[in-house]
1. With A:Ala12, A:Ala26 as the choices, which residue is in a helix (DSSP H, G or I), within 27 Å of C:Ile150 (Cβ to Cβ) and more than 9 Å from every other protein chain (Cβ to nearest Cβ)?
2. Restricting to region C:42-54, count the residues that are part of a helix (DSSP H, G or I) and farther than 15 Å from C:Leu255 by Cβ.
3. Looking at region C:237-261, which of the residues that are open to solvent by less than 10 Å² (accessible area, probe 1.4 Å) and away from chain B (no Cβ under 12 Å) is farthest from C:Gly119 (Cα to Cα)?
4. Could you pull out the residue among A:Gly141, A:Gly181 that is more than 21 Å from A:Gly85 (Cβ to Cβ) and under 21 Å from the mean Cα position of the chain (by Cα)?
5. Can you tell me which residue within region B:138-148, out of those that are out of contact with any Phe, Trp or Tyr (no Cβ under 7 Å at 6 or more places or on another chain) and assigned to a loop (DSSP other than H, G, I, E, B), is surrounded by the fewest Cβ atoms within 10 Å (Cβ to Cβ)?
6. Which number in (1) under 17 Å from the mean Cα position of the chain (by Cα); (2) open to solvent by 20 Å² or more (accessible area, probe 1.4 Å); (3) not aliphatic (A, V, I, L, M) marks the one condition that B:Lys125 misses?
7. Give me the residue from region A:116-134 that is more than 15 Å from C:Leu245 (Cα to Cα) and hydroxyl-bearing (Ser, Thr, Tyr) and, out of that set, nearest to the other protein chains (Cβ to nearest Cβ).
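The values are calculated or read from the model by the stated rules, or taken from the named source; none is laboratory data. Quick caveat, the model's predicted, so the values are computed rather than measured. Cβ coordinates were reconstructed from backbone atoms using ideal geometry, including for glycine residues, and neighbour counts include every protein chain displayed. SASA here: full protein model, heavy atoms, side chains in, ligands and nucleic acids out. Shrake-Rupley method; radii C 1.70, N 1.55, O 1.52, S 1.80 Å.
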Amino acid sequence: MKRSRRVSPTQAVLFMMTLISVVGLALIFFFVIREGYPIFSKVGLGKFLLGREWLPTRGLFGALPLILTSLMLVVGSVLVATPLGVGLAIYMVEYSPRPVRRFLKTIVELLAGIPSVIFGFFGITVFIPLTRHYFGSSGFGLIPAIVVLAIMILPTITAVSGDAIRAVPRENRLIVQALGGTRWQTVRRGVLPSAFRGIITGTILAEGRAIGETMAVLMVLGNAPMMPKALNQPAAAMPSQIALDMAYATGDHRVALFALGAVLLVFAAVLIFAARRVGRQRR
Amino acid sequence: MKKTLFVIALAVTAVLAIAAAGCTKTVTKTVTKMEASGSLHVGGSTTVLPLAQAAAEEFMAKNPGVKVDVQGTGSSQGITGATDGTLDIGTSSRDLKPEETGLTDYKVAVDAVAIVVHPSNKVSKLTSQQVIDILSGKITNWKDVGGSSAKIQVVGRDEASGTRDYVQTTIIGKTAKFPADALAMPGTGQLKAAVAQTPDAIGYMSAAQVDITVKAVKIDGVAPSQTTVDNQTYKYWRYLHMLTKGSAKGLAKLYIDFIMTPEFQKNTVSKEFYLIKK
Amino acid sequence: MTSVMRKIVDRMMFALFIFIAAVVTAFLVYFIFYIVSRGYTAFSWTFLSTAPHGIKMEGGVLPMIVSSVYLTLLTLLIAVPLGVGGGIYLAEYAGKGRIVESIRFAIDLLSSVPSIVFGLFGLVLFVQVMGLKYSMLAGALTLTLMVLPIILKISEESFRAVPDAYREASLALGATKEQTIFRVVLPTAIAGILTGAILAAGRAFGETAAVLYTAGMAPLAPVSPLEGGRTLSVHLYLLATTGHLEEAYRVAVVLLVIILLFNLASNWIMNRYRRKFVSEAI
């Protein structure tokens, strides 16, 4: 076939279809920032990000409590989910016989597919009473939110770190085995060091999912926009606060919610950027 | 594989065809039915939403040519919507402000706000001053109002809630703040469940929706009920409003008239609200 | 470390891994059992075929099922052609240049946008600026952007999984590049594309935050794409928060069963075709 430099119409159309994602992304950034920007110029970016009081109906737009809570949820859920998710991935790739692996793969996929609103509902009816029973207080708060989030991000961690573990060359394992290593030593010395970056990528992607999760968190967090004090106390996170207030917010309040959306976008972008950097260096 | 694609394409076309057929059907319907036909846009207060929705259903069942759609986006949007004409009827759980003019106000029900606590709470009556102090965070321990020593957990609603708006503006006052750790529940049911399961909780909700899982405290010695609201001895209540631009005409009038029929008031409205005194 | 110690540690780690796998499995089983045992009454024709009624929203979920299916199909109708087209481009035409790299980065970014931000964006652009109001179309356009990265990635992967020998054979027979792509590569990659579409459907079907402020919450079955509706997931959210728990369990069961069916379907397709063309991805 002649390699012509001319672009065929088919190729042009396909290229435009690919560009839709880029255009969509640009539109999202444009509109969310356009709608949210006025609050930055009104109260100042610093005051918005570092202000400690979020009382939009009174003109107080300090988003720090919401930002901190979101970060605590991310850190908490990743701390809980990473050992479980990576452990599951190790078991699936290195230990389990084929039928068990396929079964667990189905389990993980099912878990990944369950809508967040069902997790939230489950959280209300199961985790809230448990938290109330074991930690006092009303039950609503960071603990049930972290538990629900940990379950929701576990499939991401397992999938990505599973891929990374599978990609480790066979020789790495054989070398340790040849030196008389046990199975666990094979995993620890032969597999995990090479898969480390992949596992980190998985946790970063999971953080991205956790920071944006809305409905499940909204239903169990208690939505009290104060500086997070203790794990058994209620708090309010960025995405859930947007969903809760959007229905009626007008004027500056609405603008402030879009500004929160913009902050969320920035967080998500930073995480993806980090995941790509870590992921790229692996190769 | 081609076959599969073909089948999928066929299915999609079929769905679209049905949708298109559906469109034309509604159009012809509106043309043929003469007395009560057309569509009615109702929106506003989330408190009024279930009432407006239930009325819409029965009204549509009685008048097959009519389509009533109901949205719950907050009282303020109901009022602006009715004023600027995007809504045929705006619903509101608060009274009109002096500057909100040009609307006709139809009162359709009474919503009394009950102050609820856990059934096991020793406290079963509060003065209205104590309610203010608790909800605005000045009193933080049950022992200060005659209960056992325990920190009071305020369970509130989200800011979209008309009930919260009522508590804020009418009970504790515009400048007072709820305690920082007050929960904000996205719905009445979740609020009720939270209070029912938390021994130290206090919350506020529509009195007509109180059941045995929570205890409504007496305010200044009076428990909320249809009677105490009727004779004005219970303090915390407000009207629910339907608002139209000018006086209600056509479909909007028929719909509001339907809501005010004794049957609908007795069979439906009374399940969630109190009735307006004759 | 002595060899005895090493053996003990080895055994302990093995036990730990089995324990983790068991915990995750047990959780999912309990989760499904818990919801189904409380909401199994959803498996009744009246529940599935009537509309909710009355001031307490009792009764069936038909309008919600219609809304959810409508919204999902409309989303797929827009997103699948776009996603597959993009997948073809990335797999068959795109080189390794700067532009392609930035496109890939944009797709990654798009897949990381939180669902509530999609909701905010849809509310401004589709509902307000474009004047679509709360409608199926506004919801579907929003969801399209949300599921596009999934379809793009999976279709690109399945195109790449088609052996080059197929392309070479087709080109050798004198077919053009377009003919090769649409007559040879596309049919071979169809299983992967279907899997992507089903995954996207599952995501769209269960989504709440992005739908709440774009498709609305009016509990009526939409007819035209310009009408709003209340999806099953939005209905579940409203029922759970307003405290109608019995109804909520039933709706959760309907939602769960449909999502599980989506999952099983994509698994089944993948298993049937994987051995042929697509490498084992988790």
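1. A:Ala12
2. Of the residues in that region, 3 qualify.
3. C:Val253
4. A:Gly141
5. Checking each candidate, the answer is B:Gly146.
6. That leaves (1) as the condition not met.
7. A:Ser116
Yes or no, residue by residue, for (1) touching a Gly at 6+ places or on another chain (Cβ under 6 Å); (2) outside any helix (DSSP H, G or I); (3) surrounded by fewer than 21 Cβ atoms within 10 Å (Cβ to Cβ); (4) not assigned by TED's automatic domain parsing to the domain that holds C:Gly229:
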position: C:Leu71; (1), (2), (3), (4): yes, no, no, no
position: C:Ile88; (1), (2), (3), (4): no, no, no, no
position: C:Lys96; (1), (2), (3), (4): no, yes, yes, no
position: C:Phe118; (1), (2), (3), (4): no, no, no, no
position: C:Gly131; (1), (2), (3), (4): no, yes, yes, no
